[in-house]
Amino acid sequence: DAGVIQSPRHEVTEMGQEVTLRCKPISGHNSLFWYRQTMMRGLELLIYFNNNVPIDDSGMPEDRFSAKMPNASFSTLKIQPSEPRDSAVYFCASSPGQTNSPLHFGNGTRLTVT
Amino acid sequence: EDKVVQSPLSLVVHEGDTVTLNCSYEVTNFRSLLWYKQEKKAPTFLFMLTSSGIEKKSGRLSSILDKKELSSILNITATQTGDSAIYLCAQAGTALIFGKGTTLSVSS
């Protein structure tokens, strides 16, 4: 099993640019989660999907952030326009069930906005 | 206000020491308590605790849940330099909510 795959591994962009982060969950997992990790705030849940449907997006910080899951094997997190305070490591994770299942994390995308 | 609180935030010990990491959580919507270890990349799963008082053990690591106190501890005995990492606990409700983690540094 290849695990959760995220791309790119690193992204450096200028303020105001659009950023798209991608995630391929583990095959057969029907829940997908996007987290953001910073030193100050730790791991914060941004949004999660169950069977491709967004269940809770209350963690999405602003309208500049959007996430989609067009099918069971692909999700994107988009930031438009990006700002320096968006700099963080963004993790995607998947699990077999909606709740009470250990999450399997991808290796993350380190985003730097200058 | 944080729902999951870990302490200490950081810890420095010598190889061979025993450490205890703490995690407190909210009762609202609680289903289980999970522990993860994060080294350079992604958090990796250690334990899931659902029942109070039942110890989960894996080698030198062990963990237990106290539902009365709304807390959990993670013990590591005979620490090694490879145990240096961030240890995260998470409350499972409708989704996993993580604490800020405890950064453990084990010196040789």
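The values are calculated or read from the model by the stated rules, or taken from the named source; none is laboratory data. Quick caveat, the model's predicted, so the values are computed rather than measured. Neighbour counts run over all protein chains shown; Cβ positions are idealised from the backbone, glycine included.
Structure above, values below:
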read-out: Failed item, numbered, when A:ARG36 is tested on (1) within 25 Å of B:THR103 (Cα to Cα); (2) assigned to a loop (DSSP other than H, G, I, E, B); (3) charged (D, E, K, R); value: (2)
read-out: One residue from B:LEU46, B:LEU65, B:LEU70, B:LEU96 being at positive phi and either within 14 Å of another protein chain (Cβ to nearest Cβ) or surrounded by fewer than 17 Cβ atoms within 10 Å (Cβ to Cβ) (or both); value: B:LEU70
read-out: Odd one out for A:LEU77, checked against (1) within 17 Å of B:PHE45 (Cα to Cα); (2) under 11 Å from the mean Cα position of the chain (by Cα); (3) more than 11 Å from chain B (Cβ to nearest Cβ); value: (1)
read-out: A:ALA93, sole failed condition from (1) assigned to a loop (DSSP other than H, G, I, E, B); (2) within 11 Å of chain B (Cβ to nearest Cβ); value: (1)
read-out: Residue ID - nearest to the other protein chains (Cβ to nearest Cβ), chosen from residues in region A:21-33 that are over 17 Å from A:THR112 (Cα atoms) and part of a strand (DSSP E or B); value: A:PHE33
read-out: Segments classed as strands (runs of 3 or more DSSP E), wholly inside chain B, with at least 1 members that are more than 23 Å from A:GLY59 (Cα to Cα) and of a type in the set (A, V, I, L, M, F, W, C); value: B:10-14, B:19-24, B:43-49, B:61-66, B:71-76, B:85-92, B:102-107
read-out: Filtered residue count, region B:79-106, keeping only those that are among the hydrophobic types (A, V, I, L, M, F, W, C), modelled with pLDDT of 95 or more and over 13 Å from the mean Cα position of the chain (by Cα); value: 1
read-out: Meets criteria (touching a Ser or Thr at 6+ places or on another chain (Cβ under 9 Å), farther than 29 Å from B:THR50 by Cβ, within 14 Å of another protein chain (Cβ to nearest Cβ) and not in a loop (DSSP other than H, G, I, E, B)) for A:ARG110; value: yes
read-out: Residue that is more than 12 Å from every other protein chain (Cβ to nearest Cβ) and under 22 Å from B:ASP83 (Cα atoms), where the choices are B:VAL13, B:VAL27, B:VAL5; value: B:VAL13
read-out: Any hit, region B:6-16, residues being under 25 Å from A:SER94 (Cα atoms) and at pLDDT below 95; value: no
read-out: Residue among B:LEU104, B:LEU88 that alone is surrounded by 13 or more Cβ atoms within 10 Å (Cβ to Cβ), farther than 19 Å from A:GLY97 by Cβ, away from every other protein chain (no Cβ under 11 Å) and not small (Gly, Ala, Ser); value: B:LEU104
read-out: Pairs where the first residue, in region A:96-114, is under 15 Å from A:LEU43 (Cα atoms) and small (Gly, Ala, Ser) and the second is in a loop (DSSP other than H, G, I, E, B) and modelled with pLDDT of 85 or more, C-beta under 9 Å, 6+ apart; value: A:GLY106/A:GLY3; A:GLY106/A:VAL4; A:GLY106/A:PRO25; A:GLY106/B:LYS41; A:GLY106/B:ALA42; A:GLY108/A:ARG9; A:GLY108/B:LYS41; A:GLY108/B:ALA42
read-out: Region A:41-66: number of residues that are within 14 Å of another protein chain (Cβ to nearest Cβ) and either surrounded by 15 or more Cβ atoms within 10 Å (Cβ to Cβ) or assigned to a strand (DSSP E or B) (or both); value: 16
read-out: Enumeration of residues in region A:31-40 that are touching a strand residue (DSSP E or B) at 6+ places or on another chain (Cβ under 6 Å) and surrounded by fewer than 18 Cβ atoms within 10 Å (Cβ to Cβ); value: A:THR38
